[in-house]
Amino acid sequence: MIVQPEATPRRLSIAERRDRGKQARKATPRTSHAGWTPAPDRADPVTLLAEQNADRLQFLVPVRHGRMMVSPFTFYRGAARVMAADLAATPSSGLAVQVCGDAHLANFGTYASPERQLVFDANDFDETLPGPWEWDVKRLAASFTIAGQHRGLDEARCGELAQRAATEYRVAMARFAEMRTLDLWYDHVSGDDLAKLSDFQEKANRKALARFEAKARSKDNLQALQKLAVEVDGRYQIRSDPPVLLPLRELGSDVLPDEADSVIYDAFQTYKGTLPDDRRHLIDRFRPVDLALKVVGVGSVGTRCMILLLEGRDRDDPLFLQVKEATRSVLEDHLPASTYDNHGRRVVEGQRLMQAVSDVCLGWTRGVEGRDYYVRQLRDWKGSVDLEKGSVDFLDHYAQLCGWTLARAHARTGDSVAISGYLGTSTVFDEAIASFSVDYARQNAADHAEFVDAINSGRIAATPGQ
């Protein structure tokens with residue numbers, strides 16, 4: 001028998017952990033999560049977003065605004081800071097997990113596992129931090145309500161989408177609470193699992209899934225080479241497509257300093273030092289060829305995000321890495337600061353905790369002017385839902401899939417038994433989240449309208465269509 005040191009806390013039994021969750025209902029009833037009413041002193045959303053631009057590349061800020069103004073949903077994607085401030089004032093059970101921090105539906109999708117299987121998981125962790133699990137659930141559920149509105153569904157139907165996500169989260173958490181520790185850690189959703197789900201048994205949905213998988217598998221380094229590079233004097237270099245793709249050779253010193261090549265080389269060597277020995281050996285077989293600034297996403301526009309083209313055995317053996325700036329999480333305005341002294345590492349460690357399997361190239365570095373970055377493969381069978389295409393009914397299934405996936409990530413990093421005890425077996429929590437999501441969707445629409453007014457009045461600048 002192993003004797004534990006006297007300072008080691010007594011380990012709670014399963015029954016005690018479950019009771020801990022049930023007791024949390026007394027201080028924070030599940031019904032307390034229902035509805036949303038802005039506080040009288042609620043911060044101005046346009047000001048919150050504008051403050052984020054201070055340290056971004058100023059020539060890209062109008063591009064960010066242009067993407068956010070398209071619709072309430074694109075605004076929601078870029079407004080993680082606004083919602084973080086709002087969520088900080090909402091009830092919490094006191095049960096902490098590693099939270100994504102930006103768990104909207106577009107931040108879930110497919111990618112390749114190291115075993116070359118197509119897997120489905122959360123895929124954006126820029127804001128990750130330990131915090132209340134409810135914040136992720138509310139951001140995810142509200143994203144389905146807003147997505148439903150985007151597709152023209154009525155308010156009641158949009159609320160049903162949010163409730164589906166919350167229900168699946170609750171049911172999945174109960175399942176994970178019963179699983180053995182290693183079984184939970186290995187659990188994941190593969191492409192084959194997607195095909196077996198009942199929602200895909202209809203012929204039309206099976207065809208849609210097949211097209212989705214084929215498109216995802218086509219997104220590899222060779223496809224990226226064809227799309228992002230050009231051949232010049234017998235060598236590949238990243239093509240120029242301003243303002244969304246700007247090679248290093250065209251960037252001024254306001255973006256990268258003089259002698260940028262040596263600075264980037266040093267940062268690349270530091271990145272390799274964050275990899276396990278076997279993966280560092282793999283990356284050592286590649287040599288950097290070209291670097292470019294690339295605009296990605298919505299909320300990240302204006303941060304320094306680059307793509308690095310590397311060459312393996314020859315020019316037809318490419319590897320594209322994304323080198324993405326990691327700044328302070330928007331949650332750190334309301335939660336304890338990260339324990340890591342590099343925000344790139346904060347993102348990477350959070351991703352490794354929450355994902356079932358992660359990119360073999362995942363690492364971090366510190367680069368230009370002391371800025372933090374994380375590094376991952378740019379394209380490795382990455383796929384995501386397209387809100388403009390496909391059946392509206394597919395959103396029902398997708399809500400369940402994302403709810404299940406989020407629950408698994410939280411169960412890996414928090415006390416699944418206590419959280420399940422809090423959630424219970426009834427639909428009380430699910431209905432409360434649906435109520436919150438409908439109300440918050442109205443708030444988001446009002447914030448979007450205020451944002452567009454700020455653009456039209458000249459208060460902030462926007463460049464649509466980029």
Inside the stretch 370-419, can you point out the residues that are small (G, A, S) and farther than 20 Å from A162 by Cβ? G370, G383, A411, G414, S416, A418
Filter the stretch 298-323 down to residues that are in contact with an Asp or Glu (Cβ under 8 Å, 6 or more places away or on another chain) and either of a type in the set (K, R) or not in a strand (DSSP E or B) (or both) and give me whichever is farthest from G78 (Cα to Cα). D317
Of the residues that sit in the stretch 277-297 and are in a helix (DSSP H, G or I) and acidic (D, E), which one is least open to solvent (accessible area, probe 1.4 Å)? D284
Scan the stretch 330-353 and report the pairs whose first residue is among the small types (G, A, S) and whose second residue is open to solvent by 70 Å² or more (accessible area, probe 1.4 Å), with Cβ atoms within less than 9 Å and a gap of 6+ or a chain change. A337/R328; S338/P130; S338/R328; S338/R345; G344/R366; G350/P130
Could you list all residues from the stretch 314-339 that are small (G, A, S) and in contact with a strand residue (DSSP E or B) (Cβ under 8 Å, 6 or more places away or on another chain)? A326, S329, S338
Taking the residues in the stretch 340-355 that are part of a loop (DSSP other than H, G, I, E, B) and in contact with a strand residue (DSSP E or B) (Cβ under 6 Å, 6 or more places away or on another chain) as candidates, determine which candidate is nearest to A407 (Cα to Cα). Q355
crowded, with 22+ Cβ neighbours inside 10 Å and either assigned to a helix (DSSP H, G or I) or among the charged types (D, E, K, R) (or both), is that true of A142? yes
If we scan the stretch 148-168, do we find a residue that is within 18 Å of F429 (Cα to Cα), open to solvent by 30 Å² or more (accessible area, probe 1.4 Å), of a type in the set (S, T, Y) and touching a strand residue (DSSP E or B) at 6+ places or on another chain (Cβ under 6 Å)? no
Within the stretch 437-459, tally of residues that are in contact with a Pro (Cβ under 7 Å, 6 or more places away or on another chain) and polar (S, T, N, Q): 2
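This table checks each residue for (1) under 14 Å from A141 (Cβ atoms); (2) open to solvent by less than 20 Å² (accessible area, probe 1.4 Å); (3) not in a helix (DSSP H, G or I).
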position: Y373; (1), (2), (3): no, yes, yes
position: R376; (1), (2), (3): no, no, yes
position: D386; (1), (2), (3): no, no, yes
position: K389; (1), (2), (3): no, no, yes
position: G403; (1), (2), (3): yes, yes, no
position: A418; (1), (2), (3): no, yes, no
position: T425; (1), (2), (3): no, no, yes
position: A432; (1), (2), (3): yes, yes, no
position: S435; (1), (2), (3): yes, no, no
Taking the stretch 222-253 and keeping residues β-branched (V, I, T) and surrounded by fewer than 18 Cβ atoms within 10 Å (Cβ to Cβ) leaves V230, V232, V244
All-but-one check, A106 against (1) modelled with pLDDT of 95 or more; (2) open to solvent by 10 Å² or more (accessible area, probe 1.4 Å); (3) not in a strand (DSSP E or B), failing number (1)
Quickly run through the stretch 68-91 and pick out the residues that are part of a loop (DSSP other than H, G, I, E, B), open to solvent by 30 Å² or more (accessible area, probe 1.4 Å) and farther than 16 Å from T37 by Cα. M69, V70
Do you know which residues across the stretch 312-334 are over 20 Å from R366 (Cβ atoms) and surrounded by 19 or more Cβ atoms within 10 Å (Cβ to Cβ)? P318, L319, F320, V330, L331
When every residue in the stretch 254-269 that is assigned to a helix (DSSP H, G or I), open to solvent by 30 Å² or more (accessible area, probe 1.4 Å) and not aromatic (F, W, Y) is compared, the one modelled with the highest pLDDT is Q269
Pair list, Cβ < 6 Å and 6+ apart or interchain, from the stretch 355-372 residues that are touching a residue at least 60 places away in the same chain (Cβ under 8 Å) to residues that are among the aromatic types (F, W, Y) and crowded, with 19+ Cβ neighbours inside 10 Å: G363/Y271; W364/Y374; T365/Y271; T365/Y373; G367/Y373
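The values are calculated or read from the model by the stated rules, or taken from the named source; none is laboratory data. Not measured: the values here are computed from a predicted model. Please note: Cβ atoms are built from the backbone with ideal geometry, for glycine as well, and neighbour counts cover all protein chains shown. Protein only, heavy atoms only, side chains kept; ligands, DNA and RNA dropped before computing areas. Shrake-Rupley method; radii C 1.70, N 1.55, O 1.52, S 1.80 Å.
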